[in-house]
1. Return a single number: how many Lys pairs in the chain, at a sequence separation of 8 or more or on separate chains, have alpha-carbon atoms below 16 angstrom apart.
2. Treating the angle as unsigned and between 0 and 90°, give the value, to the nearest 10°, between the Cα long axis of helix 118-133 and the longest Cα principal axis of the chain.
3. Given a 1.4 Å probe and heavy atoms of the protein chains only, how would you sort Ile35, Ile79, largest accessible area at the top?
4. Counting only protein heavy atoms, what percent of the accessible surface of the chain is carbon or sulfur at a 1.4 Å probe?
5. Counting helices only, and only those DSSP H runs with n ≥ 4, report the 222 nm mean residue ellipticity of the chain as the sum of -39,500 (n - 2.57) divided by its residues, in deg cm²/dmol to the nearest 500.
6. When only the heavy atoms of the protein chains count and the probe is 1.4 Å, how do Trp11, Trp60 rank by accessible area, highest first?
7. Could you tell me how many degrees, from 0 to 90 and to the nearest 10, lie between the Cα long axis of helix 49-67 and the main elongation axis, the longest principal axis, of the Cα atoms of the chain?
8. Would you mind getting the accessible area per residue of region 63-111, heavy atoms of the protein chains only, 1.4 Å probe, in Å²?
Amino acid sequence: MNNFMQIRNIWSLLDQYKADGFSLKCLSKVTDTSIDVIERCYNKEELNQDDVKELNTVLWFLGQLYCCDTNNKLYLHEIVLALCYCFEVSRIAVAKCLGIIEDQLSCFLDDPANYPNGYNLSIKLLHLFNTFLRDKRYSV
């Protein structure tokens, strides 16, 4: 059974995160969550209701990192849907950013591995999505 199918809790996700070489300080920075709250959670210390609420961002981030099935055939489709619905980007704009037309976008999304230049188009699509998600306050 793969990680995507297993039931995960915040402690197992934190253990995986640390085992992969990431620091809790990094997690604090990326989630804008107090390092103190993350460390107390990791050490299974008592947390109040505000702490638990603050950890929602940490749980969401770790869930995305470890539970998102990037091998799912619909993964790239879902990225385009997110761009369209969350950021109001048109499919035409997505296609143009990839250097293709809208009809080609559908064909590419249906079978990116076998689409001509599918790897590079996938990288461009992921970059586009990352650019929209990136916190504009940081210039990193």
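1. Numbers: Lys18/Lys29; Lys18/Lys44; Lys29/Lys136; Lys44/Lys53; Lys96/Lys124.
Close lysine pairs found across the chain: 5.
2. 50 degrees
3. On the way: Ile35 60, Ile79 5 Å².
So, going from the largest accessible area down, we get Ile35, Ile79.
4. On the way: 5290 of 9710 Å².
C and S atoms contribute 54 percent here.
5. On the way: 8 runs with 91 residues, N = 140.
Per the formula, -20000 deg cm²/dmol.
6. On the way: Trp11 100, Trp60 160 Å².
Ranking Trp11, Trp60 by accessible area, largest first, yields Trp60, Trp11.
7. Between helix and principal axis, roughly 40 degrees.
8. Values: 3010 Å² over 49 residues.
Accessible area per residue, region 63-111: 61 Å².
The values are calculated or read from the model by the stated rules, or taken from the named source; none is laboratory data. Quantities reported herein were computed from a predicted structural model and do not represent experimental measurements. For accessibility, only protein heavy atoms count, side chains too; no ligands or nucleic acids. Shrake-Rupley method; radii C 1.70, N 1.55, O 1.52, S 1.80 Å.
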